[in-house]
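To keep things clear, I will list the structure first and then write my remarks on it.
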Amino acid sequence: MQRRTWIALALAVALPLPALAQDAVKIGLILPMTGPFASTGRQIDAAVKLYLAQNGSSVAGKKVEIILKDDASVADTTRRIAQELVVNDKVTVLAGFGLTPLALATAPIATQSKTPMVVMAAATSSITEASPYIVRTSFTLPQVTLGIAEWASKNGLKKVATLVTDYGPGIDAEKTFKERFTLNGGEVVTDVRVPLRNPDFAPFLQRVRDSGAQALFTFVPSGVGSALMKQFAERGLDKAGIRLIATGDVTDDDILNDMGEVAVGVVTSHHYSAAHKSPANQKFVEAFGKANKGMRPNFMAVGGYDGMRVILEGLKATKGAGGDALLAAMKGQVFESPRGPVLIDAQTRDIVQDVYIRKVERVNGQLYNVEIETQKSVKDPAKSK
Ligand code: VNL
C-alpha cells in the first residue's frame, strides 16, 4: 500500500466522525395514520414518542430512529411498506400493525428476513402463529372475552345476543363468548356479524331487539364503539331493557367520554383502563395528556408504549443487534406496565396479563371504565388448549 493511502486511512480512523447511518438502530413503525382507524395510529404514535422521550432514544451507543409510515389500514400497502423498510431502510424491527389483516399480510416478510415484528394492536389469537418472529404487546380477543362471559352468567343473564365485526377478532370474541356462556348454562339467542368497512348497525340491532335477549354482547374495533352506542340508543334497545356488555374495545378510552349517558353502566372486560389505579398508570396518563393536548391514552397507546419497552430492553441486551438474538431478548420479559404486571410468554410470544371487569361510571364528571374485579395473569385461552 502507498504511503499516501496509509495517511488517509489513519486520518479517517482518527477523526471523530459524525454518527454514520449504520450507527442508528432503525425501527419501522407501520400504523393507520389516515382512514377509518386513524385513532389507533394516533394513539400508538403518541405512546411511542412518549416512551422515547422518557427513556432516552439511544441504546448501546446507537441512536434509535423511528421510521413512521401510514398504511391507511390497507393490507397490500402494509406489506409493500414492510418490504421497503426491510430491503431499503434495513430496519432492525418492524412494529405497529393496527388491525389483524395488516399484521397477517406482513408476517411472511418478518419470517423471510428474520426481522422481529412487534404487534402493538392487532388482537386475533392466531396472529402470533403466522410467524416465529412475531411478538405481541397488545392482547387477544379470547383473553379478554372470557371474563365478561363469566360475568354474564354470574349476574343472572340467561339469554344473550351477540354482535361482532365480521373478521378475525370478532369471530374470536363470538366463539369464546358462546363457548363459555353456554358451558355455564346460558343461551345465545341470535348471533350477528357486521362488516368491517362502513357498518350500518341498524338492521342488526333490530334483529337483536326482536330476539328476546336480555343483553347484547358485542365486539367492534377501537373507534367504532361510538356509532354502535349511538344506534343502540336510537333503536331504543336501552329503553327496551336490553343490557349492553362488551369487550373494552367498545368503550375505548379514546371515545368513551363523548358517548354520553347511554354508556353509563355498560360492563366490559379488558386489559387496560385509563382509570387503572396504580402509580405507574397515573404517571403514564398524566405524561401522555401533557404531551398530547390532554388526550387520554387508550389500550392502543399502552400496546405501543409497552412495545417500545420490549424493543428497547431487547436491544440493550443485544447491544443493538437484531435478528434471532433480539427475538430471544424480547421473549420472557417481565415488567410493570401502566395496565398492570405483564409477561411476554417465551413459548407463545404472546402477552400474559391481568384482565379486569369494568363498569362505565362518571368520575368527576368524566366517563371512565372503572375496574371492579381482576383476573390475574390471564394467558390467551385459545393457546392453552
Ligand atoms: C383489532 C382488534 C383491531 C381489536 C382493533 O381496533 C381492536 C384487530 C382497531 O385485530 O384488527 O380494537
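Laboratory data are not the source of any read-out in this text; all were calculated from the coordinates shown. Just so it is clear, the structure is predicted and the values come from calculations on it, not from any experiment. When we count neighbours, we look across all protein chains shown, and the Cβ atoms used for this are built from the backbone with ideal geometry, even at glycine.
Measuring r between the beta carbons of Lys114 and Lys319 and using R0 = 22 Å, the FRET efficiency lands at 0.80.
Seen through its C-alpha gyration tensor, with square-root eigenvalues sorted a ≥ b ≥ c, the stretch 287-356 comes out oblate because a/c lies at 1.5 or above while a/b is not bigger than b/c. Here the Karplus curve 6.51 cos²θ - 1.76 cosθ + 1.60, taken at θ = phi - 60°, turns the phi angles of the stretch 113-125 into couplings of 9, 6, 9, x, 10, 9, 8, 9, 9, 3, 9, 5, 3 Hz, with x standing for Gly and Pro. When the listed pairs Lys175/Lys376; Lys26/Lys319; Lys114/Lys331 are checked against a 20 Å cut-off, the alpha-carbon distance exceeds it for Lys175/Lys376. What the phi angles of the stretch 57-68 give under the Karplus curve with 6.51, -1.76 and 1.60, with θ = phi - 60°, is a coupling list of 10, 9, 9, 6, x, 10, 6, 8, 10, 8, 9, 8 Hz, glycine and proline written as x. Quick check on my link table: of Lys63/Lys293; Lys158/Lys230; Lys239/Lys283, which ones sit more than 31 Å apart, alpha carbon to alpha carbon? Distance filter (> 31 Å) returns Lys239/Lys283. Looking at the stretch 279-316, the trypsin sites (Lys or Arg not before Pro) that sit in a DSSP loop and have at most 13 other Cβ atoms within 10 Å of their own Cβ are Lys293.
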